[in-house]
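Everything on this sheet refers to the single structure shown next.
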Amino acid sequence: MKIVIQIPCYNEAESLPVTLSHLPRTLPGCDEVEWLVVDDGSADDTALVARERGAQHVVRHPVNQGLAAAFMTGLQTAIERGADIIVNTDADNQYDARDIEALIRPILEGRAEMVIGARPIADTEHFSWIKKKLQSLGSAVVRLASGTTVRDAPSGFRAFTRDTAMRLNVFSSYTYTLETIIQAGQSNIRVISVPIRTNPDLRPSRLVRSIARYVWRSATTIIRIFATYRPLMFFWIAAGAFFLLGLGMGCWYLYFKFIGEGAGHVQSALLATASIIIGFLLAMMGFLADLIGVNRRLLERVDWRLKRLEQELAPSPHREGRDG
């Protein structure tokens, strides 16, 4: 059983030594534990520091591509290096590395294929009140869209089986955390949460530069993912809102027409007609998007099978030396 702990990094030369110093070299039930650092086009010495501090694998993007791209590069590299379980953690030492054992235990016991570390959000002092509420709201929306019971959707401390990693595809350039959970839930991958501990901040979050920006980026990500993975529900909710508006405006117009004042409220009739037409079009779009979603799921299944076939035909991964 081989574990690869991956760390997506961007300009983390200062914090990375602290993070690596806490990572385990051995874990119960595992024969090998290796570290993988993905340098996402850093302008500092992140890659050099990773090598000097003992990372067996260091992969570098020539330019910064974003957290989601670095995460996917890490998964692909870990698979190529023969990982049976892949653990993802952050470079800022936010998550307590001692909980990696708790993170992988459900996988080793066969109870899960993907495990998300749930932070003690309510007790995290450096999180503002509004950020705590937004985290809870975002996690609730992700649970609804994914059909899972994940308590902390934005958590980047997570573990995957090799097979699960091959099934994941991330299209967002902002973050991978929400999309992978929804995709896993829609793909019937067994996802669970385990409580974890966190460490004090080494630096301010780069994803949450301001509350307004965080809300906007998270909201747009959730809406796009919801439309992608639950299109029928998404478009029907929008269609229902327009149908209700049309019904309300129609009743308003009919009331005034009944009392002989309909001529002064023609605009209500026009708004009612337009709203009902828009609602009908959105409902039809929901049907079409659902059909497209079926095709997407079939393509994902084909992609997964091709990846498995490639791994079966590929030569055994080398276990010596370091990547460039």
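The values are calculated or read from the model by the stated rules, or taken from the named source; none is laboratory data. What you see is a predicted model, and the numbers here were worked out from it, not measured in a lab. With ideal geometry, Cβ positions are generated from the backbone for all residues, glycine too; neighbour counts draw on all protein chains shown. What goes into the accessible areas is simple: the full protein's heavy atoms, side chains included, and nothing from ligands, DNA or RNA. Shrake-Rupley method; radii C 1.70, N 1.55, O 1.52, S 1.80 Å.
A few comments on the model shown:
- Highest-first packing order for the peptide set 147-157, 99-109, 26-36 is 147-157, 99-109, 26-36, based on the mean count of other beta carbon atoms within 10 Å.
- Degrees, to the nearest 10: 266-313 long Cα axis against longest axis of the chain: 20
- Cα-based shape type of the range 2-82, given that a ≥ b ≥ c are square roots of the gyration tensor eigenvalues and the cut on a/c is 1.5: oblate
- In terms of its C-alpha gyration tensor, the range 105-154 comes out oblate, because a/c is 1.5 or above while a/b does not outweigh b/c.
- For S172, neighbours were defined as the other residues whose beta-carbon sits under 14 Å from its Cβ, and their charges (Lys and Arg +1, Asp and Glu -1) total +1.
- Tilt relative to the chain, helix 129-146 - C-alpha long axis, 0 to 90 degrees, to 10: 80
- Per residue of the chain, the DSSP helices (runs of n ≥ 4 H) give a summed -39500 (n - 2.57) that works out to -17000 deg cm²/dmol at 222 nm.
- The per residue volume of the convex hull around the alpha-carbon atoms of the chain is 154 Å³.
- Most to least accessible of F258, F287, F226, F234 (protein chains only, probe 1.4 Å): F258, F287, F234, F226
- Computed 3J(HN,Hα) for the range 47-57, one whole-Hz value per residue from the Karplus formula 6.51 cos²θ - 1.76 cosθ + 1.60 where θ = phi - 60°, is 4, 5, 4, 4, 5, 5, 8, x, 6, 5, 10, glycine and proline marked x.
- Taking a ≥ b ≥ c as the square roots of the eigenvalues of the alpha-carbon gyration tensor, the range 39-128 is classed oblate because a/c is 1.5 or more while a/b is no larger than b/c.
- Database remark: amide H of V33 closer than 5 angstrom to the amide H of I3 (H placed geometrically; neighbours at sequence offset of 5 or more, or on other chains; Pro and chain starts carry no H).
- Inter-part distance, the range 12-78 to the range 146-162, computed on C-alpha centroids, equals 20 Å.
- 0 to 90° range, to nearest 10: angle between helix 231-258 axis and the chain longest Cα axis: 20
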